[in-house]
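The values are calculated or read from the model by the stated rules, or taken from the named source; none is laboratory data. What you see is a predicted model; the values in this text were computed from it and never measured. Note that we place each Cβ from the backbone using ideal geometry, even for glycine, and neighbour counts take in every protein chain shown.
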Amino acid sequence: MDRVRFMKARAGTYSIPEIGKMLGLCKTESYWLVEHRDFETVVVRGHTRVFKDSFESWYENQIKYKKVDGTPPGRMLRENSFSVDELAEVLAVSTSTIYELIKRKCFDTFLVDSWMRIPKDSFQKWYCSQEVYRTAEDRKEDEKLRAISYSMPDIRKMLGIHRNCVYSLLDHHKAELELLVVAGQKRVTKASFDAWLAAHGRYTKVVIEPAVPQQSTPEVIETPAQSIPEEKPVYRIEEVQAILKLSRKAIYKRIQDGRMIAMKAGNTYWVPAKEVEKQKEGK
């Protein structure tokens, strides 16, 4: 090899002792590293040298070895993947939950010096396909949506009806009610629900439960029984007993099962006259 080619080869490569010096390794460790890592090498005058681009690419995709000058390793590795601990922090869950997701093959993994990593593109693909696990940023957005909407239990309590009736109501009035899905749960926007309620005299809002974070205790405002307008034909449970010739227990059973529509005001249930007629006709 002539001198010019020799100088070019040296300029674009590191010798093994130079690599050992950069990483703070002894001679044996340096030669072991070059032998066991997939570096691009060239032999110059009987000595193995490592191409600088190959070495720097390796350095940015591993986290075990660190340069003595303080340059942090693994820059590209961190840009393109998560460690188990990092992903647990992103989703605000335990590491055992991440390992369970890995066991279920929710996303791909690979090993770097015996440490497991999750590719960010694989994680993102899985994340967009589900709504149970949320990042901190998305949890903030979820709270904003909860503040402008009612959950199914909210509606059930406000109208004093069985949960089966809530889903039936949503199905029959889906053209008027705007649905949202927040963290995997269906909700109805307050604006569309309140507009629908104002337009339908069949139901009376007896409980107001503001949308607040899930940890908070909802404020319940009960409407006293006498507040139900007399012009709206409704019956007390005792009156329904007499009309339908059923026991009190049987009537409450129908209400709880969603087979009879009733409104709750204070501690009293009221049954619309139209509903009583339907019950008499056996519908």
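Examine the stretch 74-86 for a residue that is surrounded by 12 or more Cβ atoms within 10 Å (Cβ to Cβ) and in a loop (DSSP other than H, G, I, E, B), and state whether such a residue exists.
yes
Just need a number here: residues in the stretch 168-185 that are under 14 Å from residue 146 (Cβ atoms) and among the acidic types (Asp, Glu).
Total meeting the criteria: 0.
Scan the stretch 243-283 for residues that are assigned to a loop (DSSP other than H, G, I, E, B), at pLDDT 85 or above and closer than 22 Å to residue 163 by Cβ and jot them down.
Residues satisfying the conditions are 259, 260, 261, 262.
Which condition does residue 220 not pass, out of (1) surrounded by 13 or more Cβ atoms within 10 Å (Cβ to Cβ); (2) under 14 Å from residue 159 (Cβ atoms); (3) modelled with pLDDT under 65, if it passes all the others?
Of (1) surrounded by 13 or more Cβ atoms within 10 Å (Cβ to Cβ); (2) under 14 Å from residue 159 (Cβ atoms); (3) modelled with pLDDT under 65, only one is false for residue 220: (1).
So that you can scan it fast, the table gives a plain yes or no per residue for (1) surrounded by fewer than 16 Cβ atoms within 10 Å (Cβ to Cβ); (2) over 29 Å from residue 185 (Cα atoms); (3) among the basic types (Lys, Arg):
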{"residue": "99", "(1), (2), (3)": "yes, no, no"}
{"residue": "112", "(1), (2), (3)": "yes, yes, no"}
{"residue": "134", "(1), (2), (3)": "no, no, yes"}
{"residue": "143", "(1), (2), (3)": "yes, no, no"}
{"residue": "155", "(1), (2), (3)": "no, no, no"}
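Which residue is farthest from the chain's Cα centre (by Cα), if the candidates are limited to the stretch 18-46 and must be of a type in the set (A, V, I, L, M, F, W, C) and surrounded by 14 or more Cβ atoms within 10 Å (Cβ to Cβ)? Steps first, please.
As a first pass, look at the stretch 18-46 and keep what is of a type in the set (A, V, I, L, M, F, W, C): 19, 22-23, 25-26, 32-34, 39, 42-44.
Those still in the list that are surrounded by 14 or more Cβ atoms within 10 Å (Cβ to Cβ) too: 19, 22-23, 25, 33-34, 39, 44.
On the way: 19: 45, 22: 44, 23: 42, 25: 45, 33: 42, 34: 44, 39: 41, 44: 56 Å.
It comes out as 44.
Taking the conditions exactly as written (assigned to a helix (DSSP H, G or I), in contact (Cβ under 8 Å) with a residue 40 or more places away in the chain and within 10 Å of the chain's Cα centre (by Cα)), does residue 134 satisfy them or not? First the steps, then the outcome.
Numbers: assigned to a helix (DSSP H, G or I): no; in contact (Cβ under 8 Å) with a residue 40 or more places away in the chain: yes; within 10 Å of the chain's Cα centre (by Cα): yes.
Judged against the criteria, residue 134 is not a match.
When the residues of the stretch 251-273 are narrowed to those that are within 37 Å of the chain's Cα centre (by Cα) and hydrophobic (A, V, I, L, M, F, W, C), which ends up nearest to residue 155 (Cα to Cα)? First the steps, then the outcome.
Here is the first cut: in the stretch 251-273, the ones within 37 Å of the chain's Cα centre (by Cα) are 253-266.
Subset that is hydrophobic (A, V, I, L, M, F, W, C): 255, 260-263, 265.
Details: 255: 16, 260: 17, 261: 14, 262: 14, 263: 12, 265: 15 Å.
This residue is 263.
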